[in-house]
Amino acid sequence: MEIFLHPDTWVAFLTLTFLEIVLGIDNIIFISIATNKLPEHMQKRAQRVGLLLAMVMRIMLLIGVSYLIAMNQPFYSIDISWLKIDLTGQSIIMYLGGLFLLYKSTKEIRHKVEGETDENGNKAIIVKSFAAIIFQIVLIDLVFSFDSVLTAVGMTNGIKGALLIMILAVIISIIIMILFANPVSKFVNTHPTIQMLALAFLILIGFMLITEGAHLSNTVILGKAVGAIPKGYLYFAIAFSLGVEALNMRIRKK
């Protein structure tokens, strides 16, 4: 444990923990929306199970980091007149995760706008099974864990004891997210406009994952290379939108 006697270790550890929490916000939003389909007494349990699964997957990916990095080698290429793609394992995960988020978010928005009706034409409340919700959370956790692990590896590259630092940062960030997941979920689900805003954020994140996948696969469309969208743009858009909605909520209260 002498690695924690060095200031560089603490700087990397605290910075990485903070970034893991920031990267986990979109995970919490998805989990809160997904678990809203469960009976109220099961929602908190599903949130904890989902976040614990995220922690396990991130630790497993960190341990197998050499295999993870090796997934950036192309295994299939497409080269036609207007399109060029070098598919890699990393890009496939990003593509599938982005498409899943786009599908899930647009489907939820449709349900919110149009509503579901029963055989008598009345609005019906859709209740999903615990296993189905956990399966959805595991799928999206895999994508978010992948992004989180790549960030952790990049930050701690060259630091002694990097694996231990990354695992501790992941564990502490997940514990913090578990403590705040239920309040965030209640706030999102009791404010319809916030819930719609959260679904819109997930659509943005889905598009960002797809562009990230295109960037990782060196995609060229009509002679133009597809670049990754800087995450700072996304976080600024989310913060700005939340700020405007907070002002709207204060006006509505008055």
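Worth pointing out:
- Test: residue in region 208-215 that is among the acidic types (Asp, Glu), at negative phi and in contact with a Ser or Thr (Cβ under 7 Å, 6 or more places away or on another chain): no
- Among residues of region 23-50 that are within 12 Å of Gln136 (Cα to Cα), those with a beta-carbon under 7 Å from a residue that is among the acidic types (Asp, Glu) and assigned to a helix (DSSP H, G or I) at least six positions away or on a different chain give the pairs Asn27/Asp141; Ile33/Glu108; Gly50/Asp141.
- Within the set Lys231, Lys160, the sole residue that is among the charged types (D, E, K, R), more than 27 Å from Arg110 (Cβ to Cβ) and in contact with a helix residue (DSSP H, G or I) (Cβ under 6 Å, 6 or more places away or on another chain) turns out to be Lys160.
- Hits in region 227-249 (condition: closer than 11 Å to Met208 by Cα and surrounded by 11 or more Cβ atoms within 10 Å (Cβ to Cβ)): Gly227, Ala228, Ile229, Lys231, Tyr233, Leu234
Rule-based calculations on the coordinates, nothing more; no lab input. In this text the structure is predicted, and so the values were computed from the model without any measurement. FYI the Cβ positions are ideal-geometry reconstructions off the backbone, even for glycines, and counts take in every protein chain you see.
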